[in-house]
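Input: a single structure, listed below in structure tokens.
What follows draws every value from the coordinates through simple rules; no lab data is involved. Here the structure is a predicted model, which means the values were calculated and not measured. We place every Cβ from the backbone using ideal geometry, glycine too, and count neighbours over all the protein chains shown.
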Amino acid sequence: MREQKKKKLLVWIGAIVIAFICLSPFIWMLAVSFAERPDFLASAETPYVFTLQNYRQIIGTKDLHVMDYFKNSLVVAFVVTVLAVTIASFAGYAVSRMRFRGKMVIILGVLAVSMFPQISIVGYLFKLMTTLRWINTYKALIFPYVAWVMPISLWILISYFMQLPMDLDEAAMVDGANRIQALIKIILPLSAPGIFSTSLLVFISAFNEFMFALMLTTDYHARTIPVGIALFEGLHGQIPWGQMMASSAIASIPLVILTLIFQRYIVQGLTAGALKE
């Protein structure tokens, strides 16, 4: 009993320490965003004064374009999520159900391509988007993002689809369904945890992406919120920490809400099993 209590105590201590480490930056961000002065810890003579001024400024001041950046991030992330998960669902279903030579080569090839760093292709991507006249448009971000998140989407969905017995497809086709109908009506509903976890990971990746958004956008018409926050100093001649932290807090809201709602599906989707031939 003593050993079990010690183990339980150590687990709780470890969980508290990890939670503190993970939540400390978020708590500090909120504290600064609600502070009248960001240097409230500079001296004992600088008290912490709670205020909503920073939020009023970034929401009410149109010249800051924070809400435009936020809208751009939501639109781009949503479209990328729909496209990437749809394409990965069809591709994952085909790979998990079809028997052909070189299947693992294709899967591993997709994974290998994803290992190239963004900086290695962003120059060529900029030239391509300039030629297509897509710079500073949603299209300049959506198509690279879909390609960027496709490997992880494909791997998660393949892993999940391969757990489902092929008898389900065969039974559906015996009843008159074709492959697409079997996928939509049978496989996808049973794969809801994998679909949700993939969608959330894709949304977070697209929402937080920085490199492509920095290089392929020029102003608030298409610029996303990570880049907008990073360029606060250059745009306004100083470092408005309160406004930057308030903008970061607003940008975190949809990600936190989605994670809290779908955390059970994320765990189920990511622990669904291993890929097998």
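The fewest-to-most ranking of MET129, MET166 by surrounding Cβ atoms within 10 Å reads MET166, MET129.
A DSSP coil position with no more than 13 other Cβ atoms inside 10 Å describes the following GluC sites (Glu not before Pro) in region 1-91: GLU45.
Please compute the Kirkwood hydrodynamic radius over region 62-270, one decimal place, Å, based on all pairs of different Cα atoms.
Details: mean 1/r = 0.0532 Å⁻¹.
Roughly 18.8 Å, rounded to one decimal.
Structural descriptor for region 62-270: relative contact order 35 percent, calculated from alpha carbon pairs under 8 angstrom and at least 6 residues apart.
Hand me the tally of lysine pairs in the chain: alpha carbons under 25 angstrom apart, and the pair either on different chains or 8 or more positions apart.
Details: LYS62/LYS71; LYS62/LYS139; LYS71/LYS139; LYS103/LYS276; LYS127/LYS139; LYS185/LYS276.
Number of lysine pairs found: 6.
Within the chain, the longest segment free of exposed loop sites, counting trypsin sites (Lys or Arg not before Pro) that fall outside DSSP classes H, G, I, E and B and have at most 12 other Cβ atoms within 10 Å, spans 134-275. Between PRO38, PRO193, PRO165, the GNM of the chain built on Cα springs shorter than 10 angstrom shows PRO165 fluctuating the most. The long axis of helix 66-97 is offset from the longest Cα principal axis of the chain by roughly 20 degrees. Compared with the dominant principal axis of the Cα atoms in the chain, helix 122-132 is inclined by about 80°.
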